[in-house]
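For reference, the structure is listed below as structure tokens.
The values are calculated or read from the model by the stated rules, or taken from the named source; none is laboratory data. Source: prediction; values computed, not measured. Don't worry about glycine lacking a Cβ; one is built from the backbone with ideal geometry, like all the others, and counts go over all protein chains shown.
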């Protein structure tokens, strides 16, 4: 069982781990030992997570979310299979914790009249400066 919060825990049947050969440096160890872990969480079918949390989790997961509704996390950071497994489980727990946070409801506000006036005055001044940058006509120079 993977405990996320005091109220939410993921059962072992919802998680599937598969160990595959790791890429990158490691010499002969890379060719012999399957240290990389692929953690699969059946999020869509999970009774542990409420609907809105699943929706937020899907958005946060991005490409890691499969068409079947599973969340796949891969880890091949270390040469240790146990450590990679631990890192993958921590990543899953952190992702679910982020999905548990409800986004703040944003209230749209209008800019104040003073700020609108200041912005327009600044634009007018800037336009005047730029209009003075034109090419100088011959004979119009002060001597």
Exactly one of these conditions fails for residue 92: (1) without any contact (Cβ under 8 Å) to a residue 60 or more places away in the chain; (2) surrounded by 11 or more Cβ atoms within 10 Å (Cβ to Cβ); (3) within 19 Å of residue 42 (Cβ to Cβ). Give me its number. (1)
Are any of the residues in the stretch 10-28 more than 20 Å from the chain's Cα centre (by Cα), in a loop (DSSP other than H, G, I, E, B) and within 14 Å of residue 89 (Cα to Cα)? yes
Would you check if there is a residue in the stretch 105-126 being within 30 Å of residue 41 (Cβ to Cβ) and touching a strand residue (DSSP E or B) at 6+ places or on another chain (Cβ under 9 Å)? no
Would you confirm whether or not the stretch 1-9 contains a residue that is modelled with pLDDT of 75 or more, closer than 17 Å to residue 82 by Cβ, loosely packed, with under 13 Cβ neighbours inside 10 Å and more than 24 Å from the chain's Cα centre (by Cα)? no
Residue check, residue 48 part of a loop (DSSP other than H, G, I, E, B), in contact with a helix residue (DSSP H, G or I) (Cβ under 8 Å, 6 or more places away or on another chain), within 17 Å of residue 5 (Cβ to Cβ) and without any contact (Cβ under 8 Å) to a residue 60 or more places away in the chain: yes
Breaking point among (1) surrounded by 13 or more Cβ atoms within 10 Å (Cβ to Cβ); (2) at pLDDT 85 or above; (3) over 25 Å from residue 101 (Cα atoms), for residue 39: (3)
When you go through (1) closer than 29 Å to residue 101 by Cα; (2) in contact with a helix residue (DSSP H, G or I) (Cβ under 9 Å, 6 or more places away or on another chain); (3) in a loop (DSSP other than H, G, I, E, B) one by one for residue 78, which number turns out not to apply? (1)
Some residue of the stretch 56-63 being without any contact (Cβ under 8 Å) to a residue 60 or more places away in the chain, in a helix (DSSP H, G or I) and under 18 Å from residue 16 (Cβ atoms): yes
Say we look at the stretch 62-87 and pick out the residues that are within 14 Å of the chain's Cα centre (by Cα) and farther than 15 Å from residue 15 by Cβ; which of these is surrounded by the most Cβ atoms within 10 Å (Cβ to Cβ)? 65
Look at residue 99 and say whether it is under 30 Å from residue 48 (Cα atoms), surrounded by 10 or more Cβ atoms within 10 Å (Cβ to Cβ) and touching a strand residue (DSSP E or B) at 6+ places or on another chain (Cβ under 8 Å). no
